[in-house]
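Asks: One structure coming up, written as structure tokens, with questions to follow.
The values are calculated or read from the model by the stated rules, or taken from the named source; none is laboratory data. Every value quoted in this text rests on a predicted model; they were computed, and no experiment measured them. Because the Cβ atoms are built from the backbone with ideal geometry, glycine has one as well, and the counts that use them run over all protein chains shown. Ligands, DNA and RNA are excluded from the accessible area calculation, which covers all protein heavy atoms including side chains. Shrake-Rupley method; radii C 1.70, N 1.55, O 1.52, S 1.80 Å.
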Amino acid sequence: MNQVWSRVFQRLNRTAVLPRRKHSGCAEQAAVFAPNNSRKIKPTLLVSRLYQPANLRDVGQDSRLQGEMTCKSQRLMLQAGLIHPSNPGCYYYLPATVRSMEKLVRVIDQEMQGIGGQKLDMPSLCSADLWKTSERWDLMGKELFRLKDRHGADYCLGPTHEEAVTTLVAHQATLSYRQLPLLLYQITRKFRDEPKPKFGLLRGREFYMKDMYSFDVSEEAAYETYQSVCQAYTRLFARLGLHCVQVQADTGNIGGKLSHEFQLPADIGEDRLLVCRNCSFSANVETLSPDRSDCPNCKTGQLEESKGIEVGHTFYLGKKYSNIFNATFSNAQNKPSIAEMGCYGLGVTRILAAAIEVLSTEEGIRWPGLLAPYQACVLPPKKGSKMDGAAVLAEELVHSLGETLPRLRGEVVLDDRTQMTIGKRLKDANRLGYPYVIVVGQGAMEEAPRFEIICQQTGETMFLSKDGLLDLLGRVETV
């Protein structure tokens with residue numbers, strides 16, 4: 001065996017230049033050592049190399065899966081190869097989904113840090129002692145994933161982190177009022193033992209969530225922070241093109257004095273909402289008497305019921321947790337004072353699935369523009385067709401877009417599956433939801449080249465020169 005490896009290393013040492021693949025579908029290229037005078041080969045993102053089904057499954061026609069498809073977003077995400085079921089309530093997030101999630105995380109980071117949020121990461125494995133101290137160990141019931149270590153100590157997989165973050169702040173004995181408000185947040189996996197997971201990523205046992213916790217000097221200051229976070233949520237959903245409704249909500253087992261949900265109206269929503277069309281009042285039915293029809297705010301409007309998907313939740317906690325764990329700061333008189341707290345959640349994977357649910361058609365995914373895994377897909381002609389010569393122009397166009405429009409670097413893919421007709425690839429592109437599909441055909445080979453551009457969000461088809469195409473895509477916002 002040692003002799004075999006010795007020969008392998010000898011061959012490697014004699015190799016001056018590592019072989020380079022003609023194309024790579026990976027966003028990150030392996031380092032290749034070559035002479036300085038070698039021709040620079042630019043990497044292209046190729047559809048054939050992306051880790052997704054080569055031929056998209058029509059899961060709606062699969063009798064085995066039909067009974068499991070409970071909503072549009074779940075069906076479309078499975079069909080497009082965005083997710084793959086692991087066990088009840090848990091999914092593999094495949095590369096395109098991870099790209100989209102990373103973009104959503106960047107948007108969330110921008111908005112949270114824009115109001116002073118500082119990002120950290122807390123353990124998912126939480127000691128039962130903390131939860132017993134807050135009395136939520138029993139209150140959470142079967143929703144809490146519980147386990148014991150080899151020494152018999154009890155733990156849980158954190159569905160939320162009020163206890164952990166308050167303990168963290170309580171250990172900082174030198175916290176001053178000048179450092180407040182303190183806003184700490186994380187974006188991590190959360191765990192909840194749902195009795196009946198359903199709707200794909202909308203209700204699972206393992207999911208990603210952004211949870212932020214605020215510490216303030218007074219109730220008045222805490223309310224200002226609360227309003228600031230709510231405004232940041234409103235801006236975030238506006239950037240995503242999602243019409244969310246902020247509704248009065250119950251504090252539930254998290255507790256506190258004040259709570260609001262951010263609901264995305266949808267027919268499959270599990271929350272029942274009451275909205276006044278005469279004023280801005282809206283509430284979850286849990287907060288009002290079941291038979292109430294008049295608006296408690298304006299007194300004249302009628303409440304209309306609708307359904308929504310909860311994608312965000314805010315709580316003003318007061319001193320519920322800071323009292324228990326003794327989270328104090330030194331006030332202006334240099335005396336210890338208990339901090340006022342708030343907590344604020346955003347369902348990261350739920351926002352992704354909910355957006356697909358409300359924006360998509362029955363046949364294809366439609367993404368919020370900022371979150372599309374890739375912004376454009378270029379389709380060269382079928383191999384062997386009369387327009388086969390346009391294939392080189394298609395690849396050159398991909399490179400040109402990346403060089404001319406730096407924001408689109410890594411955002412344009414080339415559908416190199418030229419053994420398939422343009423029609424079949426257009427159908428796949430529709431299902432995957434690229435915001436822009438660019439067909440490079442006969443028009444691209446004319447003296448004044450023209451490209452067919454399909455805007456999937458509007459359904460509009462345009463024929464543009466290269467300059468017109470650059471102008472159109474130059475207005476695309478990326479994150």
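Asks: Report yes if Leu273 is in contact with a Leu (Cβ under 8 Å, 6 or more places away or on another chain), surrounded by 16 or more Cβ atoms within 10 Å (Cβ to Cβ) and not β-branched (Val, Ile, Thr), otherwise no.
Replies: Working: in contact with a Leu (Cβ under 8 Å, 6 or more places away or on another chain): no; surrounded by 16 or more Cβ atoms within 10 Å (Cβ to Cβ): yes; not β-branched (Val, Ile, Thr): yes.
No; evaluated as a whole, the condition is false for this residue.
Asks: Ok, one more. May I ask you to list the residues in segment 227-274 that are closer than 26 Å to Ser322 by Cα, of a type in the set (A, V, I, L, M) and assigned to a loop (DSSP other than H, G, I, E, B)?
Replies: Ala249, Ile254
Asks: If you don't mind, there's one more thing I want to ask. I need a count of the residues in segment 129-179 that are among the small types (Gly, Ala, Ser) and in contact with a helix residue (DSSP H, G or I) (Cβ under 6 Å, 6 or more places away or on another chain). Full working, then the answer.
Replies: Initial filter on segment 129-179 (among the small types (Gly, Ala, Ser)): 134, 141, 152-153, 158, 164, 170, 173, 176.
Restricting the remaining residues to those that are in contact with a helix residue (DSSP H, G or I) (Cβ under 6 Å, 6 or more places away or on another chain) gives 134, 170.
Qualifying residue count, segment 129-179: 2.
Asks: Moving to a separate point now. Tell me which residues, restricted to segment 429-459, are farther than 9 Å from Leu379 by Cβ and either polar (S, T, N, Q) or under 22 Å from the mean Cα position of the chain (by Cα) (or both).
Replies: Within segment 429-459, Asn430, Arg431, Leu432, Gly433, Tyr434, Pro435, Tyr436, Gln442, Gln456, Gln457, Thr458 qualify.
Asks: Does segment 360-393 hold any residues that are under 31 Å from the mean Cα position of the chain (by Cα) and without any contact (Cβ under 8 Å) to a residue 60 or more places away in the chain, and which are they?
Replies: Passing the criteria: only Thr361.
Asks: Another one. For segment 341-351, does any single residue satisfy the condition of being out of contact with any strand residue (DSSP E or B) (no Cβ under 7 Å at 6 or more places or on another chain), buried (at least 21 other Cβ atoms within 10 Å of the Cβ) and part of a helix (DSSP H, G or I)? Give the derivation first.
Replies: First, pick out the residues of segment 341-351 that are out of contact with any strand residue (DSSP E or B) (no Cβ under 7 Å at 6 or more places or on another chain): none.
Checked segment 341-351: no residue is out of contact with any strand residue (DSSP E or B) (no Cβ under 7 Å at 6 or more places or on another chain), buried (at least 21 other Cβ atoms within 10 Å of the Cβ) and part of a helix (DSSP H, G or I).
Asks: Another question, if that's okay. Take the residues in segment 217-231 that are among the aliphatic types (A, V, I, L, M) and over 19 Å from the mean Cα position of the chain (by Cα), then tell me which one is most open to solvent (accessible area, probe 1.4 Å). Walk me through it before giving the result.
Replies: Residues of segment 217-231 that are among the aliphatic types (A, V, I, L, M), as a first pass: 217, 221-222, 229.
Within this subset, residues satisfying the condition of being over 19 Å from the mean Cα position of the chain (by Cα) are 217, 221-222.
Working: Val217: 61, Ala221: 23, Ala222: 2 Å².
Checked segment 217-231; the qualifying residue most open to solvent (accessible area, probe 1.4 Å) is Val217.
Asks: Next up: Looking at segment 325-340, which of its residues are without any contact (Cβ under 8 Å) to a residue 60 or more places away in the chain and outside any loop (DSSP other than H, G, I, E, B)? Full working, then the answer.
Replies: Taking segment 325-340 first, the residues without any contact (Cβ under 8 Å) to a residue 60 or more places away in the chain are 333-336, 338.
Matches in segment 325-340: Pro336, Ile338.
Asks: While we're on this one: Within segment 167-190, track down each residue that is under 25 Å from Gln110 (Cα atoms) and either in contact with a Lys or Arg (Cβ under 9 Å, 6 or more places away or on another chain) or in a loop (DSSP other than H, G, I, E, B) (or both).
Replies: Initial filter on segment 167-190 (under 25 Å from Gln110 (Cα atoms)): 168-169, 178-190.
Hits for segment 167-190 are Leu180, Pro181, Leu184, Tyr185, Gln186, Ile187, Thr188.
Asks: Any chance you could count how many residues in segment 284-317 are farther than 29 Å from Tyr185 by Cα and β-branched (Val, Ile, Thr)?
Replies: 2
Asks: Within segment 232-256, work out how many residues are surrounded by fewer than 16 Cβ atoms within 10 Å (Cβ to Cβ), touching a residue at least 40 places away in the same chain (Cβ under 8 Å) and over 25 Å from Ser360 (Cα atoms).
Replies: Summing the residues that are surrounded by fewer than 16 Cβ atoms within 10 Å (Cβ to Cβ), touching a residue at least 40 places away in the same chain (Cβ under 8 Å) and over 25 Å from Ser360 (Cα atoms) in segment 232-256 gives 1.
Asks: Name every residue in segment 355-395 that is small (Gly, Ala, Ser) and not in a helix (DSSP H, G or I), in order of residue number. Walk me through how you get there before you give the answer.
Replies: First, pick out the residues of segment 355-395 that are small (Gly, Ala, Ser): 355, 360, 364, 369, 372, 376, 384-385, 389-391, 394.
Hits for segment 355-395 are Ser360, Gly364, Ala372, Ala376, Gly384, Ser385, Gly389.
Asks: Can you tell me which residues in segment 404-417 are open to solvent by 30 Å² or more (accessible area, probe 1.4 Å) and over 23 Å from Thr478 (Cα atoms)?
Replies: Passing the criteria: only Asp416.
Asks: How about segment 276-296: which of its residues are open to solvent by 40 Å² or more (accessible area, probe 1.4 Å) and closer than 21 Å to Val311 by Cα?
Replies: Scanning segment 276-296 gives Ser280, Glu286, Thr287.
Asks: Applying the selection to segment 450-479, what residues are open to solvent by 50 Å² or more (accessible area, probe 1.4 Å) and farther than 30 Å from Leu82 by Cβ?
Replies: To start, the set of residues in segment 450-479 that are open to solvent by 50 Å² or more (accessible area, probe 1.4 Å) comprises 450, 452, 457-461, 463, 466-467, 471, 475, 477.
Arg450, Phe463, Lys466, Asp467, Asp471, listed by residue number.
Asks: Another one. I'd like the residue in segment 277-333 that is over 32 Å from the mean Cα position of the chain (by Cα) and of a type in the set (Lys, Arg) and, out of all such residues, is nearest to Ser176 (Cα to Cα).
Replies: Filtering segment 277-333 for residues that are over 32 Å from the mean Cα position of the chain (by Cα) and of a type in the set (Lys, Arg), the one nearest to Ser176 (Cα to Cα) comes out as Lys299.
Asks: Please pick out the residue among Lys119, Lys132 that is open to solvent by 70 Å² or more (accessible area, probe 1.4 Å), among the charged types (D, E, K, R) and closer than 24 Å to Val348 by Cα. Spell out the reasoning first.
Replies: Details: Lys132 fails: closer than 24 Å to Val348 by Cα.
Being open to solvent by 70 Å² or more (accessible area, probe 1.4 Å), among the charged types (D, E, K, R) and closer than 24 Å to Val348 by Cα holds for just one of Lys119, Lys132, which is Lys119.
Asks: Which of the residues belonging to segment 352-392 are touching a strand residue (DSSP E or B) at 6+ places or on another chain (Cβ under 8 Å), open to solvent by 10 Å² or more (accessible area, probe 1.4 Å) and more than 12 Å from Gly433 (Cβ to Cβ)?
Replies: Listed by number, the residues that qualify are Glu357, Val358.
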